[in-house]
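Visitor: To start, I am sharing the structure in question, which I have written as structure tokens.
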Amino acid sequence: MKLSGLFKKGDEKKSIRDNGKMEFRFCFAPKSLSIIDVLEIIDQSGDFLPLTISISDTRHHVDQQSIFLHPEFRAGFCFNSEDYIVQNTTSVFDYEVRELRPDKIYKNFGDKKVDIQNNPGRSEVTSLTWLVSSWRMWFGRSFYEMVGKEKLQRFNSADIVKELAEEVTFIQLYDNPQDYNKAENRKKQQAFRDHIDFAGLVLKYPRYR
């Protein structure tokens, strides 16, 4: 199965500001990736480094099983790359070139910065994995040491929550991946962050000890 087969493009018109593409990010336990050479990625022999694959890159015709059924698979996320930038950048310029108005700006040593603390699509990095509340998400057995499988599957604000092979939990927050900016979908993003307590996970598993 090609990576592009893991999502469907929505029938509705793309968001006006949507110049991005759907991006996958897969996270594995540190030091566990050297055996998956087909992904053409760097070996995670050192610190945790997430893997990013763009679905427009035709070099990566990866069998779904080789990712989700890998014993050290931890988590996977699919999101719109343009929205990810907007949700995570603190650069006022990044907003201006997209003709967007940030909700809140603060000054940092005289420089204007965008306040992203309340953005539901803001990513986090822990010592065990990278995290983002996104359109589609997959969680493997090695993720359950952080958040239990039962807790993940109790999340009741998503369109789809189901268990796949090898105890992988699949969550789809909303139907159309291009509708990320709808108010109800932003609420679902935030609800998932709150449900598994992103802030608490960052404190419990700090990136640097």
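The values are calculated or read from the model by the stated rules, or taken from the named source; none is laboratory data. Fair warning: this is a prediction, and the values are worked out from it, not measured in the lab. A quick note on method: Cβ atoms are made from the backbone with ideal geometry, for glycine too, and the neighbour counts reach across all protein chains shown.
Visitor: Mind listing whichever residues of the range 174-204 are part of a loop (DSSP other than H, G, I, E, B), surrounded by fewer than 17 Cβ atoms within 10 Å (Cβ to Cβ) and touching a residue at least 60 places away in the same chain (Cβ under 8 Å)?
Guide: Applying the first criterion (part of a loop (DSSP other than H, G, I, E, B)) to the range 174-204 yields 174-182, 197.
Going one step further and asking which of them are surrounded by fewer than 17 Cβ atoms within 10 Å (Cβ to Cβ), we end up with 175, 181-182, 197.
Those that are part of a loop (DSSP other than H, G, I, E, B), surrounded by fewer than 17 Cβ atoms within 10 Å (Cβ to Cβ) and touching a residue at least 60 places away in the same chain (Cβ under 8 Å): Asp175, Asn181.
Visitor: Could you please tell me which pairs satisfy a Cβ distance under 7 Å, a separation of 6+ or placement on different chains, a first residue in the range 147-160 that is β-branched (Val, Ile, Thr), and a second residue that is crowded, with 16+ Cβ neighbours inside 10 Å and in a helix (DSSP H, G or I)?
Guide: As it stands, the answer is Val147/Ile196, since those pairs meet every condition given.
For (1) of a type outside the set (D, E, K, R); (2) under 18 Å from the mean Cα position of the chain (by Cα); (3) more than 16 Å from Phe77 (Cα to Cα), each residue gets a yes or a no:
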{"position": "Asp111", "(1), (2), (3)": "no, no, yes"}
{"position": "Ala165", "(1), (2), (3)": "yes, no, yes"}
{"position": "Arg193", "(1), (2), (3)": "no, yes, no"}
{"position": "Phe198", "(1), (2), (3)": "yes, yes, no"}
{"position": "Lys204", "(1), (2), (3)": "no, no, yes"}
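Visitor: What pairs come out if I take residues in the range 76-88 that are over 23 Å from Leu152 (Cα atoms) and pair them with residues that are surrounded by 22 or more Cβ atoms within 10 Å (Cβ to Cβ) and not polar (S, T, N, Q) whose C-beta lies under 7 Å away, six or more apart or interchain?
Guide: Qualifying pairs under 7 Å: Asp83/Gly121; Asp83/Tyr180; Gln87/Gly121.
Visitor: Among the residues of the range 81-126, which ones are assigned to a loop (DSSP other than H, G, I, E, B) and either within 20 Å of Ala191 (Cβ to Cβ) or modelled with pLDDT of 85 or more (or both)?
Guide: Result: Thr89, Asp103, Ile116, Gln117, Asn118, Asn119, Pro120, Gly121, Arg122, Ser123, Thr126.
Visitor: Here's another thing I want to ask about it. Go through the range 108-166 residue by residue and tally those that are among the acidic types (Asp, Glu) and within 15 Å of Ile196 (Cα to Cα).
Guide: As a first pass, look at the range 108-166 and keep what is among the acidic types (Asp, Glu): 111, 115, 124, 145, 150, 159, 163, 166.
Those left that are additionally within 15 Å of Ile196 (Cα to Cα): 124, 145, 150.
Number of matching residues: 3.
Visitor: Examine the range 146-157 for a residue that is over 19 Å from Asp83 (Cβ atoms), outside any loop (DSSP other than H, G, I, E, B) and either out of contact with any strand residue (DSSP E or B) (no Cβ under 9 Å at 6 or more places or on another chain) or among the small types (Gly, Ala, Ser) (or both), and state whether such a residue exists.
Guide: Yes, because at least one residue in the range 146-157 is over 19 Å from Asp83 (Cβ atoms), outside any loop (DSSP other than H, G, I, E, B) and either out of contact with any strand residue (DSSP E or B) (no Cβ under 9 Å at 6 or more places or on another chain) or among the small types (Gly, Ala, Ser) (or both).
Visitor: Got at least one residue in the range 147-163 being at pLDDT below 95 and of a type in the set (A, V, I, L, M)?
Guide: Checked the range 147-163: no residue is at pLDDT below 95 and of a type in the set (A, V, I, L, M).
Visitor: Residue by residue through the range 175-209, note down the ones that are modelled with pLDDT under 95 and within 14 Å of Arg136 (Cα to Cα).
Guide: Answer for the range 175-209, where residues must be modelled with pLDDT under 95 and within 14 Å of Arg136 (Cα to Cα): Asp175, Asn176, Pro177, Gln178, Asp179, Tyr180.
Visitor: Consider Ile171 against the criteria (1) crowded, with 20+ Cβ neighbours inside 10 Å; (2) not in a strand (DSSP E or B): it satisfies all of them except one. Which criterion is unmet?
Guide: (2)
Visitor: Another question, if that's okay. Could you check how many residues of the range 127-136 are of a type outside the set (Val, Ile, Thr) and assigned to a loop (DSSP other than H, G, I, E, B)?
Guide: Qualifying residue count for the region: 5.
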